[in-house]
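Shown next, in structure tokens, is the structure this report addresses.
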Amino acid sequence: MESKSENSPKSSVIEPPTNPMVNPLLTDLYQLTMAYAYWKAGKHNERAVFDLFYRKSPFSGEFTVFAGLEECIRFIANFKFTEDHIAFIREALPGKCEEGFLDYLRQLDCSEVEVYAIPEGSIVFPRVPLIRVEGPVGVAQLLETTLVNLVNFASLVATNAARHRIVAGNSKILLEFGLRRAQGPDGGISASKYCYMGGFDATSNVAAGRLFGIPLKGTHSHAFVSSFMSPDEIVEKSLRSADGLTSCEDFLGLVQSWLNKIQRTKVLSGGFGDTNLSELAAFTSYALAFPANFLALVDTYDVLRSGIPNFCAVALALRDLGYEAMGIRLDSGDLAYLSCQARKCFQAIEKEFEVPGFGKMSITASNDLNEETLDHLNKQGHEVDAFGIGTYLVTCFAQAALGCVFKLVEINNQPRMKLSEDVSKVSIPCKKQCYRLYGKEGYPLVDLMIGENEPAPKVAERILCRHPFNESKRAYVVPQRVEELLKCYWRGSPVEMREDMLPLKDIRDRCTRQVAQMRPDHMRRLNPTPYKVSVSAKLYDFIHFLWLNEAPVGELQ
């Protein structure tokens, strides 16, 4: 159960959005033109309710990880037009803009707005409101584009990360390496944050590490290896032991002696000739710089004939001085085969030289990995312990956008409904309460939306759940547990009773728990079982009454 926090003391300040570009001008022009028209018609203070939701789960799956809520609350708490904003709007609006409207914008804030949302990091489903915004229609309308922007990519990339985690399994380490391929700086920063939320363990993105406290991981590139021409380039060869009590004055010589031992014993599979000595020099130099964190990229020249033996020589030399090498990274080739061969090499070294634990040396794989690649590696059999994933993860290559929408569902206590010839685009009217109903085995069975004034579903009480638009799809549910989904995150002021914004790691833990809590067939990669999103019988009847009432009646001639 998620803990309630409404009685905890609140800070009087909510930090502004992480990205300073997130301000009231980060919106579509039509939001400003609508706000002006609302104001001109005297409607701007009418009380409205908007739902932010999505219509279809991404990546041909059945679930989404809800992300971006904290940035939304930061935006709302700090919503204010500056004089520079006002001056630009005066010029940008089509036609002549009345000064009265600009005065209205000057005093505008979110002190009359309330925001209810599903907790960030939760598993969510189509049509269920992720965020409900209540407030004067003028200001609520101005929030639309920014909120949709902040939720769309965040939820998409968090979902992508969670899907990679499910395929990789919980025993593997997942590293996000996507900054250089992300869509611009903010795309990179956001991707790092929400990949971590979705289940990744660390990032290579230093800025994201600083901003969000995400663990940082990284080693060196091929450029570092190929920058060395000869062991003669290593000038400072001494290395102090891990306990600081002794010092090896010629660490390079120690490495070379270990390489000779490995070559003489022929312990590596199939044997090998002379390794690339410039690569050996690069590994040795890196180990001298980071003796306690030595992880080598071994595919610059030849993984099995050069990279692995050179790495083993340096790792064994480090061990003589009390250090434990971290492992290797493979960035090309047949990752399944090479990882298995590398494991055999490490195990052979452990046996030959009686080096306990050497056979369990960590193997990291990278090279344009994605969800499908991980699935194939699992089927082929591999010895990879950690995956570094970049392009396909942070760009969400498999799907461009989640497709969140922000729809008016009530104004002045009157339910409103958007109709469409495409039933999937018909909105569910009125202010709603949302619940997750759990079955005997502890899995969620259905998400249920009910009207605001309906009694909440109760444990062990039989409830008729109906598909919002398909009259034949209905089922009785007797829940063993009932979870209310929408919590209050903003009540017009930072100090009013509301849910706490949790640290990123706690949100990540929530995501991990919720993924584990779902029925496996809903979460599988291929052909997942559809998850039921329903409405109460009373809300179903009202939807169809309003639909018939609002739809124009045709006339046949």
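The values are calculated or read from the model by the stated rules, or taken from the named source; none is laboratory data. What you see is a predicted model; the values in this text were computed from it and never measured. Neighbour counts are summed over all protein chains in view; Cβ atoms, including those assigned to glycine, are modelled from backbone coordinates with ideal geometry. For accessibility, only protein heavy atoms count, side chains too; no ligands or nucleic acids. Shrake-Rupley method; radii C 1.70, N 1.55, O 1.52, S 1.80 Å.
Does Y489 count as under 22 Å from the mean Cα position of the chain (by Cα), among the hydroxyl-bearing types (S, T, Y) and farther than 30 Å from E550 by Cα?
yes
Starting from the stretch 26-48, keep only residues that are under 20 Å from C72 (Cβ atoms), then list their pairs with residues that are open to solvent by less than 40 Å² (accessible area, probe 1.4 Å) and of a type in the set (G, A, S) whose Cβ atoms are within a distance under 6 Å, requiring at least 6 positions of separation or different chains.
Qualifying pairs under 6 Å: A35/G138; A48/A140.
Of all residues in the stretch 272-307, which are at pLDDT 95 or above, assigned to a loop (DSSP other than H, G, I, E, B) and among the aromatic types (F, W, Y)?
F290, F294, Y301
List every residue pair whose Cβ atoms sit under 8 Å apart, with the two residues 6 or more apart in sequence or on different chains, where the first one lies in the stretch 530-553 and is touching a residue at least 40 places away in the same chain (Cβ under 8 Å) and among the small types (G, A, S) and the second, anywhere, is assigned to a loop (DSSP other than H, G, I, E, B) and surrounded by 11 or more Cβ atoms within 10 Å (Cβ to Cβ).
S534/H467; S534/P468; S536/E454; A551/L419
Checking T159 against (1) among the hydroxyl-bearing types (S, T, Y); (2) surrounded by fewer than 24 Cβ atoms within 10 Å (Cβ to Cβ); (3) farther than 24 Å from D331 by Cβ, which test does it fail?
(2)
Please go through the stretch 143-182 and give me each residue that is acidic (D, E) and over 18 Å from K505 (Cα atoms), ordered by number.
Answer for the stretch 143-182, where residues must be acidic (D, E) and over 18 Å from K505 (Cα atoms): just E144.
Among the numbered criteria (1) touching a residue at least 12 places away in the same chain (Cβ under 8 Å); (2) assigned to a helix (DSSP H, G or I), which single criterion is violated by K56?
Failing condition for K56: (2).
Six or more apart or on different chains, Cβ under 6 Å: which pairs go from a residue in the stretch 232-253 that's surrounded by 11 or more Cβ atoms within 10 Å (Cβ to Cβ) to one that's among the basic types (K, R)? Could you list them?
Correct list of pairs: S247/R240; D250/K237; F251/K237; L252/K237.
Taking L69, is it of a type outside the set (K, R), in contact (Cβ under 8 Å) with a residue 40 or more places away in the chain and open to solvent by 10 Å² or more (accessible area, probe 1.4 Å)?
no
In the stretch 205-231, how many are surrounded by fewer than 21 Cβ atoms within 10 Å (Cβ to Cβ), among the small types (G, A, S) and without any contact (Cβ under 8 Å) to a residue 60 or more places away in the chain?
6
Restricting attention to the stretch 510-533, report how many residues are in a helix (DSSP H, G or I), open to solvent by 40 Å² or more (accessible area, probe 1.4 Å) and more than 19 Å from L485 (Cβ to Cβ).
Residues meeting the conditions: 1.
For the stretch 493-509, state whether one or more residues are open to solvent by 30 Å² or more (accessible area, probe 1.4 Å), assigned to a helix (DSSP H, G or I) and touching a helix residue (DSSP H, G or I) at 6+ places or on another chain (Cβ under 8 Å).
yes
When only residues in the stretch 463-484 that are over 30 Å from E421 (Cβ atoms) and in contact (Cβ under 8 Å) with a residue 60 or more places away in the chain count, which is surrounded by the fewest Cβ atoms within 10 Å (Cβ to Cβ)?
Going through the qualifying residues, I end up with E483.
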